[in-house]
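Inspection log for the structure reproduced underneath, given as structure tokens.
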Amino acid sequence: MNGTSHMAIGAGTGFIIASSMQTDLQTTLILSGLGGLTALIPDIDIDGKLSNRITFSHQFVRTLAQIIGFLMIMYSFFQGKGNEIWIGMGSGTAIIVLSAFFRQRHMLTMTGIGVLAGGLSLQESWIIMLGVFIVIASFVPHRSYTHSLAGLAFFSVIAFQFEQAIGMDNLFIVSTAGYASHLIADMKVLPFNRRGVKYFLPFSSKEF
């Protein structure tokens, strides 16, 4: 199922929950949007459609790193003194060499580290855990742990802490339900899915 469909199902889930809680129009719109957003989160893993949308292209970062490395070499050669020349030129060369190994999954890892650092700076536990979630997702294949009950449980903790931090009712249930709607919509029993989801990883790799 594509991202647009997942978002629509998640938004619908949020709307139904908001309506059942008899929330006002503004809150209903917020919860519907949150449901649509969280329904995309499972696809943040490697080769998932969301991962490429929240990160810079690795080609862009690679080129930027190579330019920085080259400028560092030039600056060190013309402006450095003594050991500074060799340290600067060596560092610039190392940056250029290492940039050749950049891949898209590394961009997702760097994004997760950035979110984690932001959470530590703001001292917000839900942002810290979201950063950890993104870092983990950058190392697992598509439709694996982010599409499992373990992934849902981890995200539900983030959602609970998010509600506590924002102080708005129903954020937890809508966020969790939005995420869960993605897992249900990706099940193999539905005729438009060739593959299913492995709910019980790491204990079982059976697809449902």
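Restricting attention to the range 98-121 and to residues that are of a type in the set (A, V, I, L, M) and within 17 Å of Ala159 (Cα to Cα), the residue that is nearest to the chain's Cα centre (by Cα) turns out to be Val115. Search the range 96-117 for residues that are assigned to a helix (DSSP H, G or I) and pair each with any residue that is of a type in the set (Lys, Arg) when their beta-carbon atoms are under 9 Å apart and the residues are at least 6 apart or on different chains. Qualifying pairs under 9 Å: Ser99/Arg62.
One residue stands out among those in the range 121-162 that are touching a Gly at 6+ places or on another chain (Cβ under 7 Å) and either outside any helix (DSSP H, G or I) or among the basic types (Lys, Arg) (or both): the one that is surrounded by the fewest Cβ atoms within 10 Å (Cβ to Cβ), which is His142.
For the range 75-107, the candidate set comprises residues that are under 11 Å from Arg62 (Cβ atoms) and hydrophobic (A, V, I, L, M, F, W, C); within that set, the residue that is modelled with the highest pLDDT is Ile96. Could you tell me whether any residue of the range 36-59 is of a type in the set (Gly, Ala, Ser), at pLDDT 85 or above and assigned to a helix (DSSP H, G or I)? Yes, because at least one residue in the range 36-59 is of a type in the set (Gly, Ala, Ser), at pLDDT 85 or above and assigned to a helix (DSSP H, G or I). Do you know which of the residues in the range 122-147 that are among the aromatic types (Phe, Trp, Tyr) and over 12 Å from the mean Cα position of the chain (by Cα) is nearest to Val157 (Cα to Cα)? Going through the qualifying residues, I end up with Trp126.
The values are calculated or read from the model by the stated rules, or taken from the named source; none is laboratory data. A quick note: this is a predicted structure, and the numbers were derived from the prediction, not measured. Glycine gets a Cβ as well: all are built from the backbone with ideal geometry, and neighbour counts include every protein chain shown.
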